[in-house]
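Participant: Below you'll find the structure I mean.
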Amino acid sequence: MRLLFLFSLTALTAVADTPARFNALFRNGFAVTGDFKLRDAAFSRAGSLGSAGFNAHTAVTAAVAAEGRLLIGTSNRGVFASTDGGRSWRHEPVMAVPMLSDASNERQVYAFDSTGNLLTHKHDILLRTGDAWRQVKSNASRSVIFTAIHAGKRALYLGTSVNGLKVAPLSAASLSAAIAGKTPLALKFKTDSAGLPGKPHDKSLFLFEEVQAIRELDDGSLLVATGPRPALYRRRGTERFVQVAVEGLSDQFDECKSLSAVSLAKIVLTCRRGIWSGSVENPRWLFTPQSQLIGDGRDYAGGGYALTDSDGNQLSFTGFKSRIDDAKRARMQNAAGQRLMYASAFSWQKRQAQVLSELKNDFWTGLVIDGKDDNGIIRYDSEILLARSIGAVRPLYKMADVAQKLHAIGKRLVVRLVIFKDPKLFEREGYAIMDAGGGKWVGTPKERWIDPYNPALLTEYYAPMMKELTERGVDEIQLDYIRFPSDGPVGRCRFTHKKELWQLALGSAAAAAQQSGPPDYYYSEALENFLTGVRLATPLPIGADIYGYNGMYRVPGAIGQDLVVYGRVLDVIAPMHYSSHFGDDYMRHLPRDERAYQLLLLALSRGTYFAQGEFIIRPYIQAFSMKDGLWGYGKKYFADQIKGSADGGGSGFMFWGKLDDMMLVRRTQSQQ
């Protein structure tokens, strides 16, 4: 008996240590290549999706193979559906939002639920009713991206980019009634994220990792996959989430695309780089690279697949599609690797000799100087008619003179422009954000903000400014305050120029007259339109400054700062990774002497992963003294920021502070 027991124990241990097999027997589904050629579940040719009306940026962004229904979600052309196993497909429009770069644009589909009845846009949930997709009323905040969605037996689960998991009561009967058009849905979500990973900003705010895939099991337990450093979590009943051990899953950044589990012993997690198959009881999961299904992946850049295996597990994948053209590649190369110091216009006027002397050191490759400040004042010799008519031009220097002097010593000139925070343009009729109670909206006492939807802001002000700066010899233009206001009674803001933006995007008022009315543009869409117009106005590299958290988390909604959106239009993104501006509890688990390096390493690693090589990330880092007790200051502090940024994948850096701070940084780092 003892020998038999030992044999049985050994056999069970061997089975437990054996990774699950990958089930490549697919009974349902499809694949679609980047040029929209269709394949069946066996990856055999099955026709074409028909790409008439697509553009160079059209890509597959979501896919699902549900019972009786196959769906393809796209970046800008809505949904394509098949109800006959993939033999024929029809287009299902989802929220037309004309953009300056694409008059036929439809909002990107971020995720489908496993039944094919629900999808998410960036900040909305849509339900299929008949052949139409309709917005669902909910209390979910538009400040974050809706990254995943899943309908359970008695609840709807919504994944977000930084606010964790949201759960709303929803019965199967209520969902069926809504699909049939009998009773509209009204969802009331609550946060249900205890145990999911993230970091505290302070004692009142926690930043969760992205919830990228969700699956409820028959026994009522819940599985959640988080990213961009993938991890798998399980919750039973009302317990906290507990991490499921999966060896190798979190070794590198990746994006989880689908999660399915016919049982706790047969779980399939599909990520962009491969498929993980395993059990909650065994940390040794089988990893199957995507190349085993789709080859080297080039055919599926911008494509994807949705499959159901013979066990009943659903898999989906979408391949990344680059948007870089030769002109952008050249601008990025031109801007790469710069080490820049900042000087205000006043510093240049009063201490020009010292600025030039400092720049002659090899530590610096160029200068960032204010061209337009946050008082709305243009500090160079501008000839823009609107600027002169409102008294905004108060020059402290001649731009061509600065360019000539910097170029004479082999240095780069970057001009910083504050955009939407503008007390001078605020005074001009038609430019200010309006207040719900009447009159112009005022945030904090000293701030005055301009309506980003106003197309005249481009045509009368910033397009001429781009042209002017290009002609004056500037090397790069940097845009700051590219956002909506965040302080004050922002709920009272009213934007009165959406119709003009919509008409401009469609090409004419006549074209707009044939439509039902302007869409409710997301903040990030309004800013993308503005940036597109700026981009078209100059061949120079253009960058944008964004908040530090926005450079490492996808949290665009409240102010519109979307790292990926900015980056696909512009060339250089500059997150303001000042350690003093992060929460006092952020990274506080680390020793003080490690925090600055680890902060920059984490921030740039995350940011460059989201960038996918489509734009440069060149951070602003801190030369000024603030919260030294938490983060440190001086030689090691400066060096740790530089090294953390480089190790994380940043392309150069910019120091922010006074001129004396710049000199201190250079002196301490030149002693290395």
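Participant: Please give, to one decimal in nm, the separation of the simple spin-label points placed at residue 408 and residue 221, each 7 Å out from Cα toward the Cβ.
Facilitator: Calculated label separation equals 7.4 nm.
Participant: Further question on the same structure: Could you give log10 I(q)/I(0) at q = 0.11, 0.13, 0.20 Å⁻¹ for the range 215-365, computed by the Debye formula over C-alpha point scatterers of equal weight, without solvent?
Facilitator: Debye output, listed in q order: -0.61, -0.70, -1.23.
Participant: Suppose every Lys and Arg Cβ carries +1 and every Asp and Glu Cβ carries -1, with no other charges. What dipole size does the chain come out with about its Cα centre, to the nearest 20 debye?
Facilitator: 420 debye
Participant: Once a ≥ b ≥ c are taken as the square roots of the eigenvalues of the Cα gyration tensor of the range 288-441, is the result rounded (a/c under 1.5), prolate (a/b larger than b/c) or oblate (a/b not larger than b/c)?
Facilitator: Oblate shape, in that a/c is at least 1.5 and b/c is the bigger or equal ratio.
Participant: Reachable lysines from residue 37, Cα under 23 Å, same-chain residues fewer than 8 places away excluded?
Facilitator: Filter leaves 257, 321.
Participant: For a label point 7 angstrom out from the Cα of residue 263 toward its Cβ, which stretches of the range 283-318 have the backbone nitrogen within less than 14 Å?
Facilitator: Within reach of a label on residue 263: 311-313.
Participant: While we're here: Residue 536 to residue 87: extension gain in nm, 0.36 nm per residue of separation minus the Cα-Cα distance?
Facilitator: Full extension from residue 536 to residue 87 adds 157.5 nm.
Participant: Can you give me the distance in nm between label points at residue 588 and residue 325, each placed 7 Å from the Cα along the Cα-to-Cβ direction?
Facilitator: For the pair residue 588/residue 325, the computed spacing is 4.9 nm.
Participant: Moving on to the next point. Calculate, for the chain, the solvent-accessible area per residue in square angstrom, rolling a 1.4 angstrom probe over the heavy atoms of the protein chains.
Facilitator: Using a 1.4 Å probe on heavy atoms only, each residue of the chain averages 40 Å².
Participant: Next question. In Å, what is the Rg of the alpha-carbon atoms in the chain, and how long is Dmax?
Facilitator: My reading of the Cα-based Rg and Dmax gives 26.6, 99 Å.
Participant: Suppose the chain between residue 103 and residue 350 were pulled fully straight at 0.36 nm per residue; how much longer would it get relative to their current alpha carbon spacing?
Facilitator: 84.1 nm
Participant: Given R₀ = 56 Å, FRET efficiency for residue 471-residue 286 by Cβ-Cβ distance, to 0.05?
Facilitator: The computed FRET efficiency comes out at 0.40.
Participant: Can you list which of the DSSP-assigned H helices in the chain have a Cα extent of 15 Å or more along the long axis and an average Kyte-Doolittle score of at least 1.6?
Facilitator: The answer, listed by residue number, is 2-16.
Participant: Can you work out the base-10 log of I(q)/I(0) for the range 146-225 at q = 0.19, 0.21, 0.23, 0.26 1/Å, using the Debye formula on its C-alpha atoms alone?
Facilitator: With no solvent term, the Cα-only Debye profile gives -0.82, -0.95, -1.06, -1.23.
Participant: Leaving out same-chain residues fewer than 8 places away, which lysines sit with a Cα under 21 Å from that of residue 421?
Facilitator: Here the lysines satisfying the reach criterion relative to residue 421 are 372, 440, 446, 498.
Participant: Between residue 195 and residues 5 or more places away or on another chain, which pairs have amide H atoms under 5 Å apart, with H built 1.01 Å from N, and which residues are they?
Facilitator: Residues meeting the amide H criterion: 241.
Participant: Could you name the lysines whose alpha carbon sits less than 21 Å from that of residue 188, not counting residues in the same chain fewer than 8 places away?
Facilitator: List returned: 122, 137, 153, 166.
Participant: Give the separation of the Cα centroids, the range 87-159 to the range 595-672, in Å.
Facilitator: 39 Å
Participant: May I ask you to give the percent of accessible area on the chain that is carbon plus sulfur, with a probe radius of 1.4 Å?
Facilitator: Looking at the chain in its full context, I get 52 percent from C and S.
Participant: Just report the Cα centroid separation between the range 190-211 and the range 541-565, whole Å.
Facilitator: Comparing the Cα centres of the range 190-211 and the range 541-565, I get a distance of 20 Å.
The values are calculated or read from the model by the stated rules, or taken from the named source; none is laboratory data. Here the structure is a predicted model, which means the values were calculated and not measured. A quick note on method: Cβ atoms are made from the backbone with ideal geometry, for glycine too, and the neighbour counts reach across all protein chains shown. When the accessible area is computed, the model is the full protein with side chains, heavy atoms only, and any ligands, DNA or RNA have been set aside. Shrake-Rupley method; radii C 1.70, N 1.55, O 1.52, S 1.80 Å.
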